[in-house]
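Comments concern the structure below.
The values are calculated or read from the model by the stated rules, or taken from the named source; none is laboratory data. Here the structure is a predicted model, which is why all the values come from computation and not from measurement. Quick reminder, even Gly has a Cβ in these numbers, built from the backbone with ideal geometry, and neighbours come from all protein chains shown.
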Amino acid sequence: MKKIFVLTLIVGLFTAMTSSAQEDKSKRASPPDAVKETLASGATVSINYSQPSVKGRKIGGEIAPYGKVWRTGANEATIFEVSKDVKVEGKALPKGKYALHSIPGENEWTIIFNKKWDKSGTEYNAADDALSVKVKPGKAASATEKMTFKIEKSGKVSLLWGTVVVPFTVK
């Protein structure tokens, strides 16, 4: 009887661990998305992220508060990867993977490329930053409910969310 109990317990734990490890991330409130583009320069840029929704909240207030480091997405860290050495807003960024963070602001956003990319989205240490650039946000032509990244062949990368667009160039 004791052996059956132990065996049942082990099978139950294994089943629980397997099912949680195989969670369908597309069913999350902030589902995963990815965008990838090969630029005119030949470098491939890819961004893997989760899409938080605005849900009537104010960007810079209840979500992505102004003046504070933000994970630039939801769930796990947003991963920004380049296949070759590039320049972001004219500053060198070596080939590799980075966690993408930002410091939102009404008139200026700081885009941060952090060397520790395999981590939770809320983990951040400035000592691990590879590069940060300051860019000017703009007003989007139309509202985007779920945060979305776009990459153009020209190297223009845009974060679209609510009525905000945050562009930066990768060459």
Selected residue [touching a helix residue (DSSP H, G or I) at 6+ places or on another chain (Cβ under 7 Å) and on the phi < 0 side of the Ramachandran plot] from Asn114, Asn107, Asn125: Asn114
Sole exception among (1) in contact (Cβ under 8 Å) with a residue 24 or more places away in the chain; (2) within 17 Å of the chain's Cα centre (by Cα) for Ser132, by number: (1)
Some residue of the stretch 144-164 being over 16 Å from Glu89 (Cα atoms), of a type in the set (Phe, Trp, Tyr) and in contact with a Pro (Cβ under 9 Å, 6 or more places away or on another chain): yes
Exclusive hit being crowded, with 17+ Cβ neighbours inside 10 Å and either more than 15 Å from the chain's Cα centre (by Cα) or modelled with pLDDT of 95 or more (or both), set Glu81, Glu62, Glu37: Glu37
